[in-house]
Every structure is written in structure tokens, then in C-alpha cells.
Amino acid sequence: MWVLRALAALAASVAASLLPLDAEQLHASVGGFAVMNCHLDFPFGNEIPYHLQWDKDGESIFSWYSGEGAARVADRWGGRVRRVQGGALGRGSINVSAVRETDAGLYRCRVTFPNRTPPARNNGTFYYLTVDGGNLIVTPPMNVTVLEGERAELECLPKSPESAVEWFKDGTPLGELPELALRSERPANGSLVLRRAASTDPGEYECRVHDPDYPDLQSASAFLDVQYKAKVVYAPKERFLPYGKPASLDCHFSANPPLTNLRWEKDGFLFDPYNVPGVFYSRNGSLLFNQVDESHEGEYSCTPYNSLGSAGPSPGVRVRVQRPPALAARPQPLYVARLGATLTLPCAAAARHRDQPLVHWARKDGSELPAGRHNLDDGNLTIVDVTEDDRGVYVCTVSNEAATVDVETELLVENMPPRAPYNLTVRPATDSLHLSWVPGHNGLEVDYNVWYRERTVSEWRTMKILTRGVTEATLVGLRPGTEYELRVLSQDLIGDGLFSKPVFARTLGSSDEEGIEAEQVAYAAATTEEAELGASGESADVGDLEVTVRLIDEGALVRWRRDPSDATRCTLRWYEGAPPGERLLATGHTLHDYMLVSGAEEGAHYWARVQCASGASGGAALRVPEYARLRGVAAGCAAAALLLAALAAALLAARRRLCARSPPPARADKRLR
């Protein structure tokens, strides 16, 4: 093998030394292509009749006279040489495709003018083509076009008879295409022969040649085109068209070359849509009915044609006109169902004497209907034990052979509000009431609000429980010896639930005793036992707890920092006045490191005292700004600033007017000097 390669290289070098001086070097691989450019030089720049000829090594391979239709190509070059134009290419350029190893050599473009003396000018171009990669394949395959049923051969000649040749169609090995393999042959020269080409055979065929002694691989490909008469590939026996609606009747055909004509027949007679009102041709030859009626019933057949002719008409298609399905009962656009309820969505089709439409239910999002919890009865869908997952859009489809009707309905699931608390129990004190209750909803996602008022007062006051799941609270700052009405309201993520039944309780002591005024707003976090309240027994020292008070929209947020290992309960006492507090307004207990107190008034002073069961304590003061007074001061300052600005503008304008009226100073006469 290496000897052959050395000889080929030596022959190429010797040939190159004998080339014309103006020959241009070209390189192409076996199975590839080579474009050879050739510009035409007409006398005086005017085009006249000419003869274009390409030679290889002195032998004519391509000849064309201007004005003629087809060019004359040598037998060995048939289908591989053609004229190309465009871009920077001259009008005499050619393209050599499916390059073979034997195509290497000297090419010359010659242009002569038969009607002119002398007939030749300084025309022509020399090219020397070197074929690379011809170590394995001598003759690559070339594009082939045959008629259906004819023999087709794709040539692929290896240089060595011992080389292995494999064939692929569109990248798939031929052995994996049983139907094609049964109709193919593999001669000893490596070619692929199809005994009877079929309409399914067109595609790209590739041959791969392996060298048995070296891991070399070379491939080349070509296209096979199979032409056949236009033929019908499918025709249904019966077709239903919906009455009163637009429809189409298709002719399923295949054609190569492309379709040139299509003829329809109805009941054995030529059917011309141009003579039938409301029927039209589509671009692919189908019949379009603008509005179907009974006159369109009959037996139709189509016959496709191309440049090769037609393989025959299609079998008869019986067209029947059928009424679209109608609904006897349809679902409402929207349904709202409670959790656990049973819901029926109606969807019944009107019965017809000729057929019974089919009813099908599905969810629009593609999910399945509730497994084990739904049933269909005469088209009606019943869902048992409705859950949150059942919400969505449901589609009822009623169909027959002619048409399909879809109806949509949406299901919303109504969430049940939390049930009202019950068994309210009150433990009274002198100025406080400790309230506990049993939750009506089993879960920790429920919030509670305590509503309370004096029995003789119509205005209600509320206290929100910050900690979820706690079912007791202490109301402080109440009037001694006064009867109160209390209720508990439950809430969840959806909204308010139901109020509990009212409970009435009276604080200890008499109504004329001195106590905390009723105007104060009471607030406390959830507690588990009643704490003893001291009015002024707390010292004003800060203690070992770092306590901060910050004013927010909901009230005053009291936070404290303690030892992370301290998980004991802390008590917050909220006083009015400067430290250590003049009057106790509220108290509360919590296991957290914060508590929210509502009801802070503008301009007031407050003192927060925190004491934990571990002994840690601390306090912080809060002064609420007088926002109304600050807004008034700000408005006054703004008005004063605007007044000063206006006064400054007036003074500046007056100064400018005075300067404009005064005469300019007299200029000194230099001659008096």
C-alpha cells in the first residue's frame, strides 16, 4: 500500500512540472466536488453566439452552444458535470460532483464564436485537479434518478478488493431496514443494487470503506430519487360531514414529480366545484364546503396527476351529512361545593334516531378525575366527598361521527370556617378576668380574638392572642365590681369563623373602689395562670435584662435579650408615666422574648417592666411623639419659609427697577486732561 502511495505522489509531482504556467491548482476529495471558474470575453463587450467546451487531458467532457437547451456531456461524466453561475463565477463555470480518483488531471475551458472570424479569442482557463483521499475509494457513488419499479445502482468501487464496504441509508445501516435489504443486492465490486425501486426508497445513501490492514475509513454519499405517477395512498370508506357547518374532503395522495392536476368525481360524474355554489378548491386539491347540507351527500373519488401521469382514481368515499350533537342538559359555568360534599355536574346529549353521541368528561389541565370518588350516569359526572384537589375546570365533550361539542365548567371548593370555641370559663379578680375555652377546630392554624365589653356599654373592645394554639388569656385594667360580657372569635387563613356563645362575669370588689379606669385599652399575651399584679412595687432600675421598646403601626413592641439557656416564662407589666411608672395598665406572660402592646397614645409616657422566672429583670421607657403638634410646627415652618422667599423675590425685583431708572454716569472728556 505504501508503494502505491509513493508512486501516486511521484506521478503528481511530475505532472505538475509539465503544466502550463497559468494553470491553477485545485484540490478535491473522493466523493466531493470541484468548482472551476471560467469568465467569457466577448468582442467589444457585446454578447454574440458562442460555444463553451471543457476538456480534460485533451478529451472533451462538456459542450454547450448558446441558445440550446441541454448540454452534451461525455458518458463517464453524465450527471456529474453541470454549469454553475452566481457570485464571482463566470458564465462558463462548471461544477464536478462525486469526484473520483480518475478525475485528477488538467482541465481547460475553451470559448469559440462560430459566426465570427477569427472564431477564437484569448479565452480559456487551465486548472489542474488533484484528488485527495483516494486511498480506499476509486469510484464513489453519484446521484441517481430512476422510475418506480426500475433497477437502481449506486456504485462504490474500493481500491483494494479486500476492503470492507458498508452501506447506510439516511444514517441507518442497511441491515436494520429489512424491507429494503430484501430488495437489494451487494455485488463483489462494493456497489448497492436495488432490484425494484420503491417510492419509499429516496434518500441519502452512504458507503463506508474500511482498510483491512490499517484503521483507515473513507466514506462517500449520493442521493437516490425515485419518481412515480401520482397515486392515492389512503381513502376512507365513509366520511361524515356536520350539517350547517364548514367542512373539507381531502384527497390523500403522493406524487414525484409534484402534483399538476387533481380531478374529483361524484356519483360517477365529473364534479367541478366552480359550478357548485358554496364549494371551493383548496391549494392542495381538497374540497372545501362553506356550509354543509343534504345535497352534498354522495360517493366521491379523486384522481391525482403529475408529469408522469396518474396511477388511477381513489376508491369511492361515501359522504354522509349528519347533524352535530346537541346537549339536552349542560353544566353551569361555575359550581361552588363544600369540603366533603357530593356534587353532580349535568351533561346529557340529546338522543337522535340515527346515532347516540358519546359523552366524555375530563379535566382541562390534563389531570385524572378523582380516583374512586367519581361516577358517570347518562353523561352526568358525580363527585363524592369533594376535596381541595378537586377544584379546577372540567370539560364535557359530546361527539359523534360528524362533529364534537365541548362545554366547560369550573368547580370551586368552599373552605369551611373554623367552628366556634365553646365551654368558656372565667376566673375573676379585682381588676382582671382570666378566660379559657375549648377550641372548636382541631389544629394549630387558628387564631383567636377575645371580644369584651361592660354589660351596660354598647362598645366592644378586642384583644388578639398572638400565640397560635393557646386557649386562654387574661384581661387586665378592668373596673372592679363590674359585670362584663365576653366572646371568643376564631380565625384561619380563609377568614373569620363563628363567635362563641357569650359568657358573663363580674370582677371582684365594688364599683366605687379605686381601680384602673375603664378607658385604658387592655392587652395581654396568652397566659396559663393568673399573675399577681403590683401597681408600683417595681423598682425603676434597669436590671440585667436588655429591654427595648419600639413604636410600630400595631402599637408598642417590647423586646428583651436574655441568656439563650433561659427558657422560663417572663412577665411584662406595662405602666403609664415616667419610670418606675405611675399606673399599671396591662400585664402579660409569655415564653417568647417579645410582646406587642396596643393602645399607645400620642404624647404619653410609658414604662415597660420585664421580669422572668429565672430572676432576670429589666425595663425600658417609651415616649410617644405628639404627631399632630409636630405636623403643625412643620406646616408653620414651611409657611414661614415660603413667606421669606416671596419677600426676597419682591426686594430683588424692586432693586432691578430702581437701577433701570437711574441715568448712567457722565464719561470724562480726555481732551480736558
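Values in this text are rule-based calculations from the coordinates and carry no lab data. Quick caveat: nothing in here was measured; it's all calculated off a predicted structure. Note that we place each Cβ from the backbone using ideal geometry, even for glycine, and neighbour counts take in every protein chain shown.
A few comments on the model shown:
- Segment Phe499-Arg656, extension gain: residue separation times 0.36 nm, minus the distance between their alpha carbons: 48.9 nm
- Overall form of the chain per C-alpha gyration tensor (a/c, 1.5; a/b vs b/c): prolate
- The chain, helix-only ellipticity at 222 nm - DSSP H runs n ≥ 4, -39,500 (n - 2.57), divided by all residues, nearest 500: -3000 deg cm²/dmol
- Rounded to the nearest 0.05, the FRET efficiency derived from the C-beta distance between His605 and Ala638 at R0 = 25 Å is 0.30.
- A simple spin-label model places the labels of Ser248 and Thr387 4.4 nm from each other, with each point 7 Å out along Cα-to-Cβ.
- Spatial separation of Cα centroids for the stretch 225-269 and the stretch 169-203, in angstrom: 31 Å
- Distance between the pseudo-spin-label points of Thr200 and Ala341 (7 Å out from Cα toward the beta carbon): 5.8 nm.
- The stretch 327-414, dipole about Cα centre (Lys/Arg Cβ +1, Asp/Glu Cβ -1), debye to the nearest 20: 240 debye
- Top positive-direction residue, dipole computed over the stretch 546-623 with Cβ charges, set Val547, Thr568, Thr590: Thr568
- Cβ-based charge dipole, the chain, positive-most Cα from Ala640, His210, Cys347: Ala640
- The lysines within cross-link reach of Lys237, meaning a Cα-to-Cα straight distance under 30 Å and a gap of 8 or more places when in the same chain, are Lys229, Lys245, Lys266.
- Simple spin-label estimate for Lys364 and Val438 in nanometres, 7 Å along Cα-Cβ: 4.6 nm
- Between Thr568 and Val233, the contour length at 0.36 nm per residue exceeds the alpha carbon distance by 111.9 nm.
- On Cα atoms only, tilt of 2-17 relative to the major axis of the chain in degrees: 70 degrees
- Placing unit charges on the Cβ atoms only, positive for Lys and Arg and negative for Asp and Glu, gives the stretch 88-225 a dipole magnitude near 1100 debye about its Cα centre.
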